[in-house]
Amino acid sequence: MDGHAMHTTVAAERTVALAPQELFALFGTPRAGGWLFGASCDEVRAGATVSMRLPLDGLGGDEGVDVLGRLARVVPGVALDVEHTQPWRGRLSLRFVPAGAQRTRIQVRATVPPEGVHWLLHRRGIPLPEPPDDGALRLGAVTTASGSGAVFSVSAELMAELAVDEINADGGVAGRRVRLVTADDATDERQAAREAARMARLGCRAVFVNSTSASFDAVRRRLDGTGVLVVHTVLNEGGRSSPTAVRFGERPHAQLAALVAPRAPSSRWFLVGQTYVWSFGAHAVARRAVDRAGGSVAGEALVPLGTTDFSATIERILASGADQVLSSLVGADEVAFERQSEAAGLRERVRTTSLALEESTLAHVGPRAASGLRTALGYFQDSALPGNTALLGRYREAFGPWAPPVTALSEGMYEAIHQYARVLHADPDGDAAAHGRALVRRHPSRVAEAVGSRDLLRPALYVAEIGPAGLEIVREVAAR
């Protein structure tokens, strides 16, 4: 490892008994195995989504580090460059160097910024450096930069940064600049609780959780009574709330009303989810929605977060006689399930509805495996919401052409921070409960939906289907 200009360069290489062009042709395919650092990519072209497992000479642990990004440069048989945001923002360069007859040396170099070094050290149990008190008003953002949930959270931290930058450019809050404190929960509720405690210690007035319901519950419990407001910014199952714990985002009852009711009344549904509160709540709602529509539930499979093999679940679906599948899986689990479903021929026999299928997850599922999937969310990057084009322009200007897509999950983080800043600006001396109540009161009546002023408590929904042209918005459904 060589440090220079506040960055660290990490290098690794392997030699394979194939010519450069032959080896390059295997990039992203299962046949490459560990030769190409576990790369998974449906297309080798600039802009394509790619995931890799990067060995870091023991710094990141023996298992290496999963990196999610997009191909920024492709030179067939010679070079590939990957720009990524997970688990930190950086760039990977792969070079295919001839090493004798029918042999290739694959070299990978990663330029790791200070935040990446901090992430790696923190992963090994070394405390993060604490920023000095500069008088700024601090807000916390718990996102999922690693683990199975990283797939859906790739643009969340970027959108949080964009919101804070815009607030500061507009003069801050009540005359004070805003500083964002970020953390990776690693899709682990225990890690989320630890990071929440750190944010409270650093004086954060509010913590925005862009992660699973399990992580939100852990943060809420840890910060209860501390005077810190907790805001869940992504779709969730609802349930118990309080003035100091606000839950924004889509709810299963509204999603399923839009997705189940139009189906044939004789439909037989199979529910696939995970063993935590999100799927428990979503499936309870699904059973009621299917019953109201005159259908029936043929079966249910719940798996732990981080499941990679869904062969047994797919066999159960095929044996059940179901003609509809409802997936409440999230992140990498949803990617694995949908790809394996398509490979097993399930898509030809069963129609699948996914509650958490946004653009980032869709990109990793791939267009072929995702064909025919349906979902309903409050925001899509291609939606015609007033102000959306301008938002996307600011996002690309700030983070570049290869930044991951803006999704319902990350756009909700952006709007939640802006809405909180307006509440805090109006009442800078109020406590967490007063600010939480003000956030919930923000929409006493329906107003025209626009980016920056959407109703995050009861968002209008867009029903979308994956077709030959990609994600296509079918219709809009009024808020419920």
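Only Cα pairs under 8 Å and 6+ residues apart enter the sum, and on that basis the relative contact order of segment 2-113 stands at 30 percent. A protection proxy built from the mean count of other Cβ atoms within 10 Å ranks the segments 398-406, 211-219, 462-470, most packed first, as 211-219, 398-406, 462-470.
Quick check on the chain: helices-only [θ] at 222 nm, where DSSP H runs of length 4 and up contribute -39,500 (n - 2.57) each and the sum goes over total residues. Nearest 500, please.
Value at 222 nm, helices only, nearest 500: -9500 deg cm²/dmol.
The order of the peptides 357-365, 162-170 by mean Cβ neighbours within 10 Å, most packed first, is 357-365, 162-170. Counted over segment 26-180 with a bin width of 5 Å, the fraction of Cα pairs per bin, in whole percents, is 2, 8, 14, 19, 17, 13, 10, 7, 5, 3, 1, 1, 0, 0.
Per 0.36 nm of contour for each residue apart, how much would the distance between Thr9 and Ala479 grow if the chain were fully extended, relative to their Cα-Cα spacing? Write out the running numbers ahead of the final one.
Details: separation 470, 0.36 × 470 = 169.20 nm, distance 4.91 nm.
Net length gain for the segment: 164.3 nm.
For the peptides 16-25, 326-335, the ranking by mean Cβ contacts within 10 Å, running from highest to lowest, is 326-335, 16-25.
For segment 61-172, the relative contact order works out to 17 percent when only alpha carbon pairs closer than 8 Å and six or more residues apart are counted. Residues whose amide H comes within less than 5 Å of that of Arg351, counting only those at least five positions distant or on another chain, are Gln324, Val325 (H built at 1.01 Å from N in the peptide plane). Here the scattering of segment 253-377 is modelled by Debye summation over its C-alpha atoms, one equal scatterer each and no solvent; at q = 0.09 Å⁻¹ the log10 of I(q)/I(0) is -0.20.
Which of rounded, prolate, oblate describes segment 129-211, given a ≥ b ≥ c as roots of the alpha-carbon gyration tensor eigenvalues and a/c under 1.5 marking rounded, otherwise prolate only if a/b is larger than b/c?
Since a/c reaches 1.5 but b/c is at least a/b, the shape of segment 129-211 is classed as oblate.
Working note: Karplus 6.51/-1.76/1.60 with θ = phi - 60° gives segment 197-212 the couplings 4, 4, 5, 5, 4, 7, x, 5, 6, 8, 10, 9, 9, 10, 7, 5 Hz, where Gly and Pro are set to x.
Over segment 253-377, Cα pairs under 8 Å with separation of 6+ residues give a relative contact order of 28 percent. From largest to smallest, the equivalent ellipsoid semi-axes obtained for segment 109-259 from the alpha-carbon gyration tensor read 24, 20, 16 Å. Entry for segment 2-113 at q = 0.15 Å⁻¹: log10 I(q)/I(0) = -0.60, Debye formula applied to identical alpha-carbon scatterers, no solvent contribution.
Among beta bridges identified by DSSP and lying wholly in segment 240-362, the antiparallel ones come to about 5 percent.
Plainly put, the chain has a radius of gyration that is 0.97 times its Kirkwood radius, both from alpha-carbon atoms, as the Rg/Rh ratio. Dipole magnitude for the chain: computed about the Cα centre from +1 point charges on Lys and Arg Cβ and -1 point charges on Asp and Glu Cβ, it is near 580 debye.
Extension gain for Leu318 to Arg105 (0.36 nm times residue separation, less C-alpha to C-alpha distance): 72.2 nm.
Throughout, read-outs are computed from the coordinates displayed, never taken from laboratory work. Note that the structure is predicted; figures quoted are calculated from it, not measured. Cβ: placed from backbone, ideal geometry, glycine included. Neighbour counts: every protein chain shown.
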